[in-house]
Structures are given as C-alpha cells and as structure tokens.
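Engineer: Below is one structure. I have some questions about it.
No value in this document is a laboratory result; all are computed from the given coordinates. This structure is a prediction, so every number in the text was calculated from the model and none was measured. Here the Cβ positions follow ideal geometry from the backbone for every residue, glycine too, while neighbour counts run over all protein chains shown.
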Ligand SMILES: [Zn+2]
C-alpha cells in the first residue's frame, strides 16, 4: 500500500492536494480497479465506503492493482453553508462538478497527431492482433498522452480537477465512481454492454446507458473503450469481439448529505462482490450478492426521468423510495402561497392552496428531493419507467 498526495490547486491558504492510495495486486493478469468518491462534496457515503475499502485491502491484499481516491474534491466537501454542504456545484463557476470530464474520443480525433482515430486502419495494422494486451496498453498510453497534453493549458478549476482525476484513472481496467442521490435507494448506472456485470452489485435498480459521452466519469471512462473496441471489431472481427473488457459504473449509495453506517456493510459487500466476480479480489464476503431470490429492475437511460414541480411551493412527498406507482397516483403535494388567489365565498381554503403531484405513468420511485420548498421546474422525483427485470437465474455465475 502506498499513499500519494498530488498537488491540484494553489489556494489562498496554501496548496490543495488530491490524496489517494495504491494497492499493488498479487496477480499481474488480474483486472485493475480505480475507485473514486466525493466529486460531489455533499455525497458523503462514498467517502465512508472508500475508507473502509482501504482498511479492507490493507488486510486482504487484492489480486489486481487498486487505486482509491476517497475524497476526490476537497474544495466541494469543505464548502459549507451553515449545516448544509454546498457540494454539487463549483462555487467559482456554478458548474456541476461531474459534467466536465474530457471526451477523449473527440480530443484524440481533433487534437492529437498522429491520431489513432484519424487513420485507424493503418494504426491497428501495426499491432500484433494475437496479443490484445499490447493493443490495450497502446490505447491506454494514447489516452494518457492526450490528457497530459490537455492539462498543459490553463483552464477553470472544475475542468482541471476532472481532467486530473481522469488522468489518475487511465490505465485501470475498471472504474467505480461513488455518488449519492437526493433521498434514494441504492442504484447503479451501467453501460448497456455490462448489464450482467452490474448485477453483481446486487442492487435493486439499475439504469442502462447507451454508447454516448455525457461528461460524467463513468461515461468518460467507458466511451473511449467502447468506440475503440467497435473499431477493432470492424477491422478484424475474427480477433476482436464488439464488447469492451473495460467496465465503469456510477454507484448511487443512498441519500446525499448524510453518512449511513447502517447500510455501510451492504455497500461494501456490493462492491466486493462485483470485484470478486471481476477477478480483482478473492472472495472474503459473507452473503455475497446477488442472493438467490434477487431481482433487479432496470430501464434504458431515456426512461430514467424526472417529475418536475409544475409550480413553486412547499413540498411534501406521500410515497417512499423503491415504491411502485401507477399512472395518476398521487405522489405528493405542493402547498402554494395563498396570496392573490382571490378566494371568494365558502370554498375550501386548502383546496385552493394545495396541488397534488401525480405519477405521469406507471413507474418505480428511485429518488425523492430532500427539499421542502421548490420553484417551478425543480425536480421532485426521479422515476424509472418502462421497467425490465433480471433475476439471479439470468446471470452466469
Ligand atoms: Zn453525485
């Protein structure tokens, strides 16, 4: 185990660093893993989970190399307003911290010369197709060089932090980014090709992402590998499958703004179960998920949608996370201001100031805002519609 401290920003009070821990794997062939927590500074559970993983791997050395960044964004974690952590957006620019990782595919095409993507066929023809590890190593090197070049230019801090974290993650075969949602059940975002792997976290809910770049770390990590693998397959279908071996996931570990020691063991088991399935650590887990009776509800990315506040007011939810609802069910109420309603006659005061929020379609409630008051257009619920399911018998091991 080796601890590192990488300078990232010169502050008024001195130098800010990213702290991270590297574990050397015992098997050079085992897949390596990068685990990061806290890019959103108000999502605290990932930090606790990451600390316990460090503790775990200190006494149970992993098979693959593992890098853990337990507090990726100290600026955001330190940004307190009273008891509230203002951790989702950069205080300098207002930008969402998890939307500014670099689109390496575009960058490699446009900025790096000679580019593997501009002249892919001749680039790949220089490889020994019988030895895919050499090809993977060359691609990792190309991505490292691209990020090093990108980081040479001065840029806003939210971009620099993302690029530096992305640089720390390049070269690893698996990327896990730990987050939390407003008030929510645990769930996982997976690239669609890794849906079966995502089952090994044993979570009840999952969102399947198509081949797209969206600025978050999981997408920034899997998108280049997905494009690369498809081009390898197109070039030489005999030697390469369409599906990348690389995997990255965003894990949403319950409610933001709180540390939940009650669910800590479940979160640790979820991650260790996946890493065991992946071949990156040996099994030391009791009751490894998914259990025999496990069933996961998942949906396509476009079916994971928000229910917005149709007007401003004070909000009260009448449903629970994880609950299944039908179209037209009342999910909660908004209490509006009574000023200027022009109340006349004996009509009910409450009828005029309350407005029910109803389910737009049959769905599962995955997250509920923790805000007690909202403006028009703020999200109240995150719902999973058009659900599909996987059971334990649908997955291989
Ligand atoms: Zn987050």
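Engineer: Looking only at the stretch 73-105, count every residue that is more than 21 Å from residue 151 (Cα to Cα) and in contact (Cβ under 8 Å) with a residue 40 or more places away in the chain and tell me the total.
Structural biologist: 5
Engineer: Output the number of residues of the stretch 258-281 satisfying the condition of being part of a loop (DSSP other than H, G, I, E, B) and either in contact with a helix residue (DSSP H, G or I) (Cβ under 7 Å, 6 or more places away or on another chain) or within 16 Å of the ligand (Cβ to nearest atom) (or both).
Structural biologist: Of the residues in that region, 4 qualify.
Engineer: In the stretch 69-85, what residues are over 16 Å from residue 250 (Cβ atoms) and either within 14 Å of the chain's Cα centre (by Cα) or part of a strand (DSSP E or B) (or both)?
Structural biologist: Result: 80, 81, 84, 85.
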